[in-house]
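As structure tokens, the structure follows; a few thoughts come after it.
The values are calculated or read from the model by the stated rules, or taken from the named source; none is laboratory data. Predicted model only: the values in this text are computed from it and were never measured. Because the Cβ atoms are built from the backbone with ideal geometry, glycine has one as well, and the counts that use them run over all protein chains shown. Surface areas here come from the heavy atoms of the whole protein model, side chains and all, with no ligands, DNA or RNA. Shrake-Rupley method; radii C 1.70, N 1.55, O 1.52, S 1.80 Å.
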Amino acid sequence: MSDLPVYRCVIVDDDEIDRLTTLMYARKYPFLDIVGVFGSATEASAALRQMQVDVLLSDIDMPDVSGLEFRARMMQVPVCIFVTAYPDYAAESFELEAFDFLVKPIRPERFAYAMQRVQHYFEMKRKAELFEYSLGSESTVFIKDGHQQIKLNLHDIVYLEALKDYTRIVTTTRKYSVLSSIGNLLLEKAFQSFLRIHRSYAVQRHYIERITPQEVHIGSYTLPVGRSFKNTLTNLK
């Protein structure tokens, strides 16, 4: 019997085929416990008042109550992933703290990437008491791991990845997780050398090897460029 944590998941979509498709994908991930599948936000709302849910997979364009309205009412659900045929809703969805935004028809590799991020997010949340963020000098960061203080050289940090209220710090040798949003981290003086290239990513300038309209290449990593951050990168080319 597995000791891995399991997270309660609800699926909401008014289209039966799409609903079953999302369910089929979600069932492939053992860490998701599908506790409800609903054809409307109204039905799901009644159920969510009776139970705690960790992950919400919701369509947006639904009659009666839209997925965006539903999310606004259910902000207590930590992870909300919208699954929709309308990419134009993306900006509005992230204003409601959407964790991810999947465009129909769902691609298996894209769903897998979203699930990987979900798992990493909850792993970090679970370890929140073990990891603390604090700044040392202007050239170092201290990560508290249990009772140990791990000193990181800022020069060795390749990039930062946002996962809601947490940030993954990727160095040249390994990855760490801290309980601080990427926005707050970038406000610190020590992180002024980092360049925001996407709502979820900031990179250390001296590691950038190549820039394209859609991607930034840093060593073995290829990171996406957000539309609103393209102008920031223009002068670096």
Out of all the residues in the stretch 150-193, which are aromatic (F, W, Y) and open to solvent by less than 10 Å² (accessible area, probe 1.4 Å)?
-> F191
Test: residue in the stretch 42-54 that is open to solvent by less than 20 Å² (accessible area, probe 1.4 Å) and in a loop (DSSP other than H, G, I, E, B) | yes
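Condition check ((1) touching a strand residue (DSSP E or B) at 6+ places or on another chain (Cβ under 8 Å); (2) touching a residue at least 12 places away in the same chain (Cβ under 8 Å)) across all residues:
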residue: Y29; (1), (2): no, yes
residue: S40; (1), (2): yes, yes
residue: S45; (1), (2): no, yes
residue: F70; (1), (2): yes, yes
residue: I81; (1), (2): yes, yes
residue: S93; (1), (2): yes, yes
residue: I106; (1), (2): yes, yes
residue: A112; (1), (2): no, no
Single match in A162, A202 (criterion: in contact with an Asp or Glu (Cβ under 9 Å, 6 or more places away or on another chain), within 30 Å of E92 (Cβ to Cβ), at pLDDT 90 or above and aliphatic (A, V, I, L, M)) | A202
Please go through the stretch 67-89 and pick out each residue that is buried (at least 19 other Cβ atoms within 10 Å of the Cβ), modelled with pLDDT of 95 or more and of a type outside the set (A, V, I, L, M, F, W, C).
-> G67, R71, T84
Among (1) modelled with pLDDT under 75; (2) on the phi < 0 side of the Ramachandran plot; (3) more than 20 Å from the chain's Cα centre (by Cα), G146 falls short only on (2)
Flag for Y25 being surrounded by 13 or more Cβ atoms within 10 Å (Cβ to Cβ) and either in contact with a strand residue (DSSP E or B) (Cβ under 8 Å, 6 or more places away or on another chain) or part of a loop (DSSP other than H, G, I, E, B) (or both) | no
